[in-house]
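Structure first, commentary second.
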């Protein structure tokens, strides 16, 4: 542990979640809750299907136990903010994506400890993830994820003009802190990076593809409207890599678990880009 992971990384994650809250209005949640089918489907996917997929893929590719837990961690992480950008490029419902990102960020307070705790038992790891430890992890995630997001939502509700002005600088500073922290951490642990990333990348690439396909399957199974499907697909396939890295290093205290999240953060840009191009081509052909 060092200044980058002890200080800069938590500041970055808190800032990112606060900036996410600044983009949300209470009306957006009400609009989504009027049609809860999508919300329930996405949360079920994140809480149940994706962690199972992550563990299965890691087991199939015979990943070492600590990296397997990292794969389960990124699989159970909430949807990433980058999904809003890709949804915009795919001409989907951006606000729906943002609301789903916030909802999955709250649900991960339970999903991450439970999924990683179960995977820890199945891989016979001795990382001390008993009930008390997992409860402390949930509280740490609440402090780093839920509280700043709620603060942002509250500020947007009570001071909408101020929140609009703050949103851009806040996300810019948070991303800068995160990038600097990751570069610093890479510099300090360079000897292990080629090995761990080499093992993790094929696994998370397969997981990313399967997550996108799962999102499409859920859209069809739940008869989700065409104009909202790309938002659900991308919300399913794109995970919050910064939060997963923070959780692995700072909350769990197992830096090796962060490598699958780091690899996923890079891989998902390519797979989501292909998904957007395929969706645009499908939409044009249907016109």
CD proxy, 222 nm, the chain: helix-only mean residue ellipticity via -39,500 (n - 2.57) per DSSP H run with n ≥ 4, per residue, nearest 500, stands at -25000 deg cm²/dmol
Per the rule of 0.36 nm per residue minus the C-alpha distance, extending residue 26 to residue 11 adds in nm 2.9 nm
Spherically averaged projected area in nm², based on the convex hull that wraps the Cα atoms of the chain
14.6 nm²
Calculated log₁₀ intensity ratio I(q)/I(0) where the Debye formula runs over C-alpha points of segment 13-85, q = 0.27 Å⁻¹
-1.17
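I'd like the FRET efficiency for residue 139 and residue 278, computed as 1/(1 + (r/R0)^6) with the beta carbon distance as r and R0 of 45 Å, rounded to 0.05.
Once rounded, the FRET efficiency stands at 0.65.
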If packing is taken as the average count of other Cβ atoms within 10 Å, what order do 36-43, 47-54, 168-175, 237-244 fall into, highest mean first?
237-244, 47-54, 36-43, 168-175
What's the center-to-center distance, using Cα atoms, between segment 62-80 and segment 222-287 in Å?
14 Å
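Here, each number is a calculation from the coordinates, and none is a lab measurement. Since the model is a prediction, treat every value here as computed from it, not as a measurement. Don't worry about glycine lacking a Cβ; one is built from the backbone with ideal geometry, like all the others, and counts go over all protein chains shown.
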